[in-house]
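Enquirer: After the structure tokens below, expect a handful of questions from me.
The values are calculated or read from the model by the stated rules, or taken from the named source; none is laboratory data. Please read all numbers here as calculations on a predicted model, not as lab measurements. Positions of Cβ are backbone-derived with ideal geometry, glycine not excepted, and every protein chain shown enters the neighbour counts. For accessibility, only protein heavy atoms count, side chains too; no ligands or nucleic acids. Shrake-Rupley method; radii C 1.70, N 1.55, O 1.52, S 1.80 Å.
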Amino acid sequence: MSDAEWAAVRSLLPVPAWFWGKGGSPEGRCHRQLLDVIRHLVTGGILWRAMPADLPAGVGSASSSAAGASAG
């Protein structure tokens, strides 16, 4: 994601409550990285060989397939 694309999208994302001192804890993932992963999957499908090498831990793989299976 280019800096220009990020500048256009960043203002559309919600500001976390912890930022304003309203509780909660900081996210463990960077929003920009998550959007990169989502764009990559939408563009290239979900082929494992197409996954980015720097995919953040916990995104995809067994954690999301187990959640999908339990959701029905």
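Enquirer: Could you please tell me which pairs satisfy a Cβ distance under 6 Å, a separation of 6+ or placement on different chains, a first residue in region 5-16 that is in a loop (DSSP other than H, G, I, E, B), and a second residue that is open to solvent by less than 70 Å² (accessible area, probe 1.4 Å)?
Expert: LEU13/HIS31
Enquirer: Would you be able to tell me the number of residues in region 22-43 that are over 24 Å from LEU55 (Cβ atoms) and open to solvent by less than 70 Å² (accessible area, probe 1.4 Å)?
Expert: Number of matching residues: 1.
Enquirer: If you go through region 9-21, how many residues are at pLDDT 80 or above and surrounded by 10 or more Cβ atoms within 10 Å (Cβ to Cβ)?
Expert: The number of residues fulfilling the criteria is 3.
Enquirer: Which condition from (1) open to solvent by less than 60 Å² (accessible area, probe 1.4 Å); (2) at pLDDT below 70; (3) more than 28 Å from ALA7 (Cβ to Cβ) is the one that ILE46 breaks?
Expert: ILE46 satisfies all of (1) open to solvent by less than 60 Å² (accessible area, probe 1.4 Å); (2) at pLDDT below 70; (3) more than 28 Å from ALA7 (Cβ to Cβ) except (1).
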